[in-house]
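The values are calculated or read from the model by the stated rules, or taken from the named source; none is laboratory data. Please read these numbers as outputs of a predicted model, since none were measured by experiment. Glycine also receives a Cβ, built like all others from the backbone with ideal geometry; neighbour counts cover every protein chain displayed. Side chains are part of the model used for accessible areas, which takes the heavy atoms of the whole protein and leaves out ligands, DNA and RNA. Shrake-Rupley method; radii C 1.70, N 1.55, O 1.52, S 1.80 Å.
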Amino acid sequence: MQAWRVHRNGEPSEVMRLEETDRPTPGDGQVLIEVLAANINFPDALLCRGQYQVRPPLPFTPGVEICGRTDDGRRVLATPALPDGGFAQYVVADEVALLPAPESLDDAEAAALHIGYQTGWFGLHRRAHLRAGETLLVHAAAGGVGSAAVQLGKAAGATVIGVVGGAEKAEIATALGCDLVIDRRTEDIVAAVKEATGGRGADVVYDPVGGDAYAKSVKCIAFEGRVIVVGFASGVIPTPGLNHVLVKNYSVLGLHWGLYNTKDPQAVRDCHEELTGLAAEGVIKPLVSERVPMDGAAAAVQRVADGTSTGRIVVLPAGPAR
């Protein structure tokens, strides 16, 4: 089969190589899956750079979520077992962790429903307990993770403020349903949030960016607000001042979705049922901005790494006909 392999750490476009390799062999409790679509996530770039919290042995294949078909014909969502990730024609995954692919979504959309939307749902509902009528501030609102949070926030009845970088991304965030879009390149985030909320601030902040985004968020957080720390796409990990948390009475919440697979797998399945229902109703729909063939994967991962992409880029190993 064909698979993208990383033999040394570095930028994705420099270290990912498309090679012929053997199909992976399922172990006990695992199943072989033909990859129909592999969604690109920012952690794929971090894996290439050797900066992710999990560091698979070299060489490895990146790709942390797929939509695929099992030998017995089931269309499923899976997180492949590293070091044999999803940018390949076949993967293996744990049988108990497979989720049925929503019938209302095509292969690319289904692949993009998994980690990003699960992260959004757990962050907004399980961690922050977002309530209807509250104000939700979403950073990188036109990106893969942010766009999911925008849709889930609107589905929960929140007023959603999206932060983006540039006019093109502002248009996308508006189309996704943001009630207000702030272009961080030309507008003052703190002033705009305070003006939009009558000085109160945002009740919940969804932050996959870190760095300056976090610093500005805590300047416009509401009384008893909640900041959900999802990731650090900016490359800068914030150092929260606990005196500030105390003085303003807000909470900083971490969200590592992968832990639920081991600590509370039933919650993951329950969340998937909820997301499948919302997708069937048309309330949420992954924003797939690009569907690239197998040979375009490395360049596409680099675009995600550079922050120039919008929505989700999905790799189709068998070509666009799938």
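Of all residues being under 23 Å from Glu14 (Cβ atoms) and touching a residue at least 40 places away in the same chain (Cβ under 8 Å) in the stretch 272-298, which is surrounded by the fewest Cβ atoms within 10 Å (Cβ to Cβ)? Just the residue, please.
It comes out as Asp295.
When you look at Ala298, is it more than 17 Å from the chain's Cα centre (by Cα) and assigned by the TED database to the domain that holds Tyr52, yes or no?
Judged against the criteria, Ala298 is a match.
Could you pull out the residue among Val252, Val204, Val236 that is touching a helix residue (DSSP H, G or I) at 6+ places or on another chain (Cβ under 9 Å) and open to solvent by less than 30 Å² (accessible area, probe 1.4 Å)?
Result of the check over Val252, Val204, Val236: Val204.
Hey, any hits in the stretch 314-321 for a residue that's closer than 23 Å to Arg5 by Cα, under 18 Å from the mean Cα position of the chain (by Cα) and open to solvent by 40 Å² or more (accessible area, probe 1.4 Å)?
No, the stretch 314-321 contains no residue that is closer than 23 Å to Arg5 by Cα, under 18 Å from the mean Cα position of the chain (by Cα) and open to solvent by 40 Å² or more (accessible area, probe 1.4 Å).
Can you name the condition, by its number, that Val92 falls short on among (1) surrounded by fewer than 20 Cβ atoms within 10 Å (Cβ to Cβ); (2) free of Cβ contacts under 8 Å to residues at least 24 places away in the same chain?
It fails just one condition, (2).
How do the helices (runs of 4 or more DSSP H) wholly within the stretch 151-265 filter down when requiring 1 or more residues that are in contact with a strand residue (DSSP E or B) (Cβ under 9 Å, 6 or more places away or on another chain) and over 27 Å from Lys285 (Cβ atoms): which remain?
Ranges flagged: 189-196, 212-217, 242-248.
Which of (1) closer than 23 Å to Glu274 by Cα; (2) of a type outside the set (S, T, N, Q); (3) open to solvent by 50 Å² or more (accessible area, probe 1.4 Å); (4) touching a strand residue (DSSP E or B) at 6+ places or on another chain (Cβ under 6 Å) does Asp84 not meet, given it meets every other one?
Condition (1) is where Asp84 drops out.
Just to verify a result, which residue in the stretch 1-20, among those that are in contact (Cβ under 8 Å) with a residue 60 or more places away in the chain and more than 11 Å from Ala297 (Cβ to Cβ), is most open to solvent (accessible area, probe 1.4 Å)?
Glu11
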